[in-house]
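S.K.: Sharing a structure with you now.
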Amino acid sequence: LFGTGPSMILNGISFAISAVSEVFIQIPDKEKKTLSFKSIFDSVMGGGKVILDDVQIRNFFSISFMMNLCSAGLMALLLPYVLELGFTVSQYSIISALISVGGILGGVYLSFYHIPDEKRMKVMVLCFISGLITGLLAFQMKSLYGTGIFILLSMVMSTVANGIFGGLFMMFLPEDQSGTVYSFMASAGSLGSAVSTLVYGVSADHFSISI
């Protein structure tokens, strides 16, 4: 919209404003605790044990890992995809901006629309599947508008799915071990994202990104 130069300047200004605002952040004094690799490892493994012992949390863990495995690496192919189609830097910037817009729209939807408790799981699964399908369809479009629309829809759906998942997961966390379980889930989610990126990347080396 504004061109590459002005967009980079605006981005730099936003980072500068953020840096200045961080100067005024005051961190309350807390008792310092010594951290070691063993204590961190024991905490993560303790969370894993809780997950294995609790059926509901174990189901959430499986859903989280599969969500990251199936969709996290998809957007890593965006840059090689636009290069393969010969898109310009400005066109790539527009698609990248739509990723953020989709996330914002998904967050706004969750903020203003109350999803009934009994329908949250169904909506989450539906949004996750829809987000994955629209994301895959985005890589089959040959035009800027087609790719942009499906990328936008994919991000809206993915944001809603992840938002619902986070809310539901926090409801089932045991209060006395919420930190250890959450740390294990975060580690597993990162592993799923890494594996997903690797799988999509290797696949893209052997097959064309778009049909």
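S.K.: Inside the stretch 158-173, can you point out the residues that are open to solvent by 40 Å² or more (accessible area, probe 1.4 Å) and farther than 10 Å from Phe60 by Cα?
M.R.: Listed by number, the residues that qualify are Asn162, Met170, Met171.
S.K.: Looking at Gly167, is it under 28 Å from Asn11 (Cβ atoms) and out of contact with any Phe, Trp or Tyr (no Cβ under 7 Å at 6 or more places or on another chain)?
M.R.: No, not satisfied.
S.K.: Do the conditions hold for Lys142, that is, is it more than 14 Å from Ser71 (Cβ to Cβ), assigned to a helix (DSSP H, G or I) and at pLDDT below 90?
M.R.: Values: more than 14 Å from Ser71 (Cβ to Cβ): yes; assigned to a helix (DSSP H, G or I): no; at pLDDT below 90: yes.
The answer is no for Lys142.
S.K.: Just to check your reading of the model, which residue among Leu79, Leu69 is touching a residue at least 24 places away in the same chain (Cβ under 8 Å) and not hydroxyl-bearing (Ser, Thr, Tyr)?
M.R.: Unique residue meeting the criteria: Leu69.
S.K.: Would a scan of the stretch 15-25 turn up a residue that is at pLDDT 75 or above, of a type in the set (Ser, Thr, Tyr), in a helix (DSSP H, G or I) and within 30 Å of Leu126 (Cβ to Cβ)?
M.R.: No.
S.K.: While we're on this one: Give the residues of the stretch 123-138 that are more than 28 Å from Asn59 (Cα to Cα) and open to solvent by 10 Å² or more (accessible area, probe 1.4 Å), sorted by residue number.
M.R.: Listed by number, the list holds a single entry, Leu137.
S.K.: So which residues in the stretch 188-211 are loosely packed, with under 13 Cβ neighbours inside 10 Å and modelled with pLDDT of 70 or more? Before you say what the answer is, go through the steps one by one.
M.R.: In the first step, residues of the stretch 188-211 are kept if they are loosely packed, with under 13 Cβ neighbours inside 10 Å; the result is 190, 198, 202-203, 205-208, 211.
Those that are loosely packed, with under 13 Cβ neighbours inside 10 Å and modelled with pLDDT of 70 or more: Ser190, Leu198, Val202, Ser203, Asp205.
The values are calculated or read from the model by the stated rules, or taken from the named source; none is laboratory data. Please read these numbers as outputs of a predicted model, since none were measured by experiment. Because the Cβ atoms are built from the backbone with ideal geometry, glycine has one as well, and the counts that use them run over all protein chains shown. The protein model used for the area step is the full one, side chains on, heavy atoms only, and it has no ligands, DNA or RNA in it. Shrake-Rupley method; radii C 1.70, N 1.55, O 1.52, S 1.80 Å.
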